[in-house]
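The values are calculated or read from the model by the stated rules, or taken from the named source; none is laboratory data. This structure is a prediction, so every number in the text was calculated from the model and none was measured. Here the Cβ positions follow ideal geometry from the backbone for every residue, glycine too, while neighbour counts run over all protein chains shown. Calculation scope for accessible area: heavy atoms of the full protein, side chains included, ligands and nucleic acids excluded. Shrake-Rupley method; radii C 1.70, N 1.55, O 1.52, S 1.80 Å.
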Amino acid sequence: MDTRTSLHSPSPSRVGAARIGIGGPVGSGKTALIERLIPAFAARGVSLAIVTNDLVTAEDAERIRRSGLIDPARVAAVEAGACPHTVIREDPTLNIAAADDLEALFPDVELILIESGGDNLASTFSLDLVDWWMFVIDVAGGDDIPRKNGPGVLKCDLLVVNKTDLAPYVGVDIAAMAAQSATARAGRPMALTNCRSNDGIDAIADRIVADVLFR
């Protein structure tokens, strides 16, 4: 039973859609990952909605709305107005409200993806906002990222190493980067992806369906 008294005042005993955070630096491919996950979840019968975060625009939300992959009304935009990390960690009220509104508009929604604005390796999600979160880094950002032990890399539920197709062009040994990521994560889950060719996307969707939706 939904015990909320208003769209913007969630009950501590909220029961509703599972909420997944997607964080990572600017340009790591968070929006591209979402665009690939939308049809993957559709194929698995998962009813989806999305919240995007940008500093002072709704650019990522508009990109997803125009994609034709999802009902545009199921995509909400949050303008952080300051450090993107603030609205997913220190004060996630705006994102909680946006997710609550989507649940109210679409009662069938089972899963809400919340994309952070691009941030640094210290970006983490409040567990008041999300049930599970992933952190996206990309090969072109440097193969030293896993060795820097940023909180995003270490604390996320799933580390995604994206743009594996670029490794030959930026002088990165992808096998070594994967091994260093696994060492930094101490065996916790990680995934290698190439959103252009859909590599690794099904494995992420399957993990979320199993670990978050318990199917």
0 to 90° range, to nearest 10: angle between helix 174-185 axis and the chain longest Cα axis: 60 degrees
The stretch 1-152, accessible area per residue, ligands and nucleic acids excluded (1.4 Å, Å²): 42 Å²
Beta bridge orientation in the chain: antiparallel %, DSSP, nearest 5: 5 percent
In nm, spacing of pseudo-spin labels at A203 and A140 (7 Å Cα→C-beta vector): 2.2 nm
Tilt relative to the chain, helix 93-105 - C-alpha long axis, 0 to 90 degrees, to 10: 60 degrees
The stretch 61-123 - percent of accessible surface contributed by carbon and sulfur, probe 1.4 Å: 53 percent
Degrees between helix 201-211 axis and first principal axis of the chain (Cα, 0 to 90, nearest 10): 50 degrees
Cβ-derived FRET efficiency at R0 35 Å, V170 paired with E59, nearest 0.05: 0.85
Extension gain from A210 to D128, taking 0.36 nm per residue of separation minus the Cα-Cα distance: 27.4 nm
Overall form of the stretch 119-203 per C-alpha gyration tensor (a/c, 1.5; a/b vs b/c): prolate
Percent RCO, i.e. relative contact order, over the stretch 42-99, from Cα pairs under 8 Å lying at least 6 residues apart: 35 percent
The stretch 146-215 - percent of accessible surface contributed by carbon and sulfur, probe 1.4 Å: 53 percent
Separation between Cα centres of the stretch 73-103 and the stretch 127-176, rounded to whole Å: 23 Å
Stretch gain in nm, segment A42-K155, where the contour uses 0.36 nm per residue and the Cα spacing is subtracted: 37.9 nm
